[in-house]
1. Using the structure shown, decide if Thr54 is surrounded by 11 or more Cβ atoms within 10 Å (Cβ to Cβ), at negative phi and in a helix (DSSP H, G or I).
2. Select from segment 12-51 the residues that are of a type in the set (S, T, N, Q), open to solvent by 80 Å² or more (accessible area, probe 1.4 Å) and at pLDDT 90 or above and list them in ascending order.
Amino acid sequence: MSRPEVNEPDQPDEPLPIDPLTKMDIDQWLEMLRRSDRSLYNTMALEVWSIAKTMDGLIPSFWNRFMTNRRISLQQFMQQKQAQRSASHSPASPEPPAPPTGEGPAGEGSMGEGPTDEA
């Protein structure tokens, strides 16, 4: 049995030729990535809106309570990060910040009992 022929390049370190039609310059790649990113962002926004609209129809004022809980959670998160940052920059920190309890701002993670007007 004869061995099949393998076409080996004369110089193995020589780069393979690239078809100029498939080669895209950096600007084209960046523009394609930007379009893809915008498309993904718009799709996610549409999905969030459709879920919120559906839930608002099933549970009145769902979106309002969700956004209130989101605002409170974000404020708590920012306070925790600020406390961690200030504790890490101080020379002697007495104790690390307490870990999160797992409960949301509305308690028990329930959307049924939203927080009162704490603005």
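1. yes
2. Asn42
The values are calculated or read from the model by the stated rules, or taken from the named source; none is laboratory data. Treat the numbers as computed from the prediction; the structure is a model and nothing was measured. Positions of Cβ are backbone-derived with ideal geometry, glycine not excepted, and every protein chain shown enters the neighbour counts. Areas reflect the complete protein model, heavy atoms only, side chains present, ligands, DNA and RNA absent. Shrake-Rupley method; radii C 1.70, N 1.55, O 1.52, S 1.80 Å.
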